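Each remark here refers to the structure printed beneath this line.
The values are calculated or read from the model by the stated rules, or taken from the named source; none is laboratory data. Given the structure is predicted, the values throughout are model-derived calculations rather than measurements. Using ideal geometry, Cβ is built from the backbone for each residue, glycine included, and neighbour counts are taken over all protein chains shown.
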Ligand code: IVH
């Protein structure tokens, strides 16, 4: 089958100029649903129900609508998902040696500590350790396996233990030799490094994508990822991707004894390595390297987000080993957050699920670290005035006004922040922002400022409309259908908003009665909606009628009851009836019920008050009652007391390959074990995976029983 993304670059976009905004919105929503369904059938089920040409036509129309109405684009839009195509598309590959990651250093002190730890660990009389200092390329790590000198597999990092097989695509990269050069190459060599796209190639690709009405990528890293995850390698071949080699996985023999030696060996084998890599002999040289690379950063044609220091001697690397999932012998020294200046055009108020107000700054779009930023959180009223959470002065007291030139900072994936206001550029017509006294919702309810735990006026403003405020209702519905709650496929934010605006869904129970009511609603007759999408939606809703207790409690959206708290409540009460009875009693002020709830692990006054407030409100009780008639709530598993590990204290260390650390912890706890982060005399069992370091040593010191991951799984009978 031909891949879908292969498109003629000159094909004009479908004409959508005849659509009104309202029509376009409905059509956009319908197409989003339809495309999601097709993507699932194509990527996950490998059973597409339309031809590539039909799919392309839908996608083109969808893209044309988004180009005409960019405000329809959201993080959920299918146009934004190419970089993270669903897994299941490529064969899975288990890495012979896990692909772990590096710890981060931000300050000079962190780097000095890192070197100090190494010197102490190796018990060196002096601090003479050589380091290979390398730029940290912001791309995708890749493991290339050569057998008998021939490339056999290329795999992405995945979760570190299992990645995706992208061999066919990687073969199209010029920088990746099909056959290793040189004689006497070890029989098995896994060469690891970073796949990246140059900045100029990224910009040119985006231009082409835009002209063809295709996905525009946010940064070179996303476009490299999107280019690699193509089913048709000819598309990858058309995308200019580079590869720098810097590490290795399984090696049947080590050709060199140092990191710098290995880098030269990679070059002799036919790889590119980063030309800025340098051997450093002291902390001062490392810091100077960091500084020098940072100075060059803007001029480099590829994105980097820091530098990496690695102990050069491999025998020392082996002795140093790993702590948890990061090596003791290496660290990433990150660059400070990137900044940019732009103009604040407006301030809007966003009302959250629990009625809290967040002022959002609408910016003149600006690129910061490869991402276009248009919105920025301004936190609260005080923050805009230049006052911090604890009453401290921010930005030397400079307030933020509409029309101001502001300095935006973005650190990694953290939400962008306004870090300063350029007063010299303040125009004479800059407007002070008057925080609303009324909710912007149609009810215009009063706004109060929340109290702090100490009973003082807090900085967060809140709408007092509670369940009567439509903004809060819709935000709750969004949480209700979200992945970690009811996880209803095909009921994204836009569809939900539409159903809400049309009065089809006003509260959670309505979602489950949609199908029954459809003889009246006739969703399939809504312009642009189709029978298939409606059928798919009903199917998705039906499949979610049975729900685990913890998810159900979380989905109610009570304040301060996030996933962890919901899980603690579910485990504590076991069944919905028990939890519901207790909550009604708590709401009535029943002291015994309050004391029982308080006795649960992780539950305190704030949560109890929130549950009491929620169930004290008859409107909420009605919502819950109508909802529980529609769904089946599955009891939580109470921790088992008769398992082989019940009552034992267990520590997991090193990298686990068959489960994530969270899964391992959850299973152990379900079986009645206590999971601890550190080893002591009281520890009963240590489960150690590859890379286990100090905890393993501690276990041996205290004579604690150590199991491999497989032995653990056998012990617990999984
Ligand atoms: S060495 C044990 N060297 O950074 C991990 N990584 O958090 C060894 N990266 O996943 C990795 N440039 O994708 C290493 N010169 C470099 C690197 C580099 C970029 C990435 C890599 C890795 C992440 C580490």
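Here is how the numbers come out for the structure above:
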item	result
Yes/no for residue 154 being within 16 Å of the ligand (Cβ to nearest atom), free of Cβ contacts under 8 Å to residues at least 40 places away in the same chain and touching a strand residue (DSSP E or B) at 6+ places or on another chain (Cβ under 6 Å)	yes
First in segment 87-115 and under 23 Å from residue 130 (Cβ atoms) and away from the ligand (no atom under 16 Å from the Cβ), second anywhere and modelled with pLDDT under 95 and in a loop (DSSP other than H, G, I, E, B), Cβ under 8 Å, 6 or more apart	115/127
Count - residues of segment 179-200 that are within 23 Å of residue 301 (Cα to Cα) and modelled with pLDDT of 90 or more	7
Single condition residue 309 does not satisfy, out of (1) within 30 Å of residue 654 (Cβ to Cβ); (2) at pLDDT below 90; (3) touching a helix residue (DSSP H, G or I) at 6+ places or on another chain (Cβ under 7 Å)	(2)
Complete set of residues in segment 220-235 that are surrounded by 22 or more Cβ atoms within 10 Å (Cβ to Cβ) and assigned to a helix (DSSP H, G or I)	220, 221, 223, 224, 226, 227, 228
Residue 210, sole failed condition from (1) surrounded by 15 or more Cβ atoms within 10 Å (Cβ to Cβ); (2) over 22 Å from residue 146 (Cβ atoms); (3) under 30 Å from the mean Cα position of the chain (by Cα)	(1)
Residue ranges of strands (runs of 3 or more DSSP E) in segment 288-358 with at least 2 members away from the ligand (no atom under 13 Å from the Cβ)	338-351
Test: residue in segment 631-648 that is in contact with a helix residue (DSSP H, G or I) (Cβ under 7 Å, 6 or more places away or on another chain) and in a strand (DSSP E or B)	yes
Counted residues, segment 182-203 - those being over 15 Å from residue 235 (Cα atoms) and assigned to a helix (DSSP H, G or I)	3
Residue count for segment 231-268, restricted to those that are away from the ligand (no atom under 12 Å from the Cβ) and under 21 Å from residue 140 (Cβ atoms)	13
Residues satisfying the stated conditions in segment 468-502, i.e. more than 21 Å from residue 539 (Cβ to Cβ), at pLDDT below 85 and not in a helix (DSSP H, G or I)	none
Scope segment 116-151; condition within 30 Å of residue 172 (Cα to Cα), crowded, with 18+ Cβ neighbours inside 10 Å and away from the ligand (no atom under 16 Å from the Cβ); matching residues	145, 146, 149, 151
Pair list, Cβ < 9 Å and 6+ apart or interchain, from segment 318-338 residues that are at pLDDT below 85 to residues that are more than 10 Å from the ligand (Cβ to nearest atom) and assigned to a helix (DSSP H, G or I)	323/694; 323/695; 324/661; 324/695; 325/661; 336/294
Residue match in segment 166-181 (condition: assigned to a loop (DSSP other than H, G, I, E, B) and out of contact with any strand residue (DSSP E or B) (no Cβ under 9 Å at 6 or more places or on another chain))	yes
Residue satisfying condition, being on the phi > 0 side of the Ramachandran plot, buried (at least 19 other Cβ atoms within 10 Å of the Cβ), at pLDDT below 95 and touching a helix residue (DSSP H, G or I) at 6+ places or on another chain (Cβ under 8 Å), within set 369, 355	355
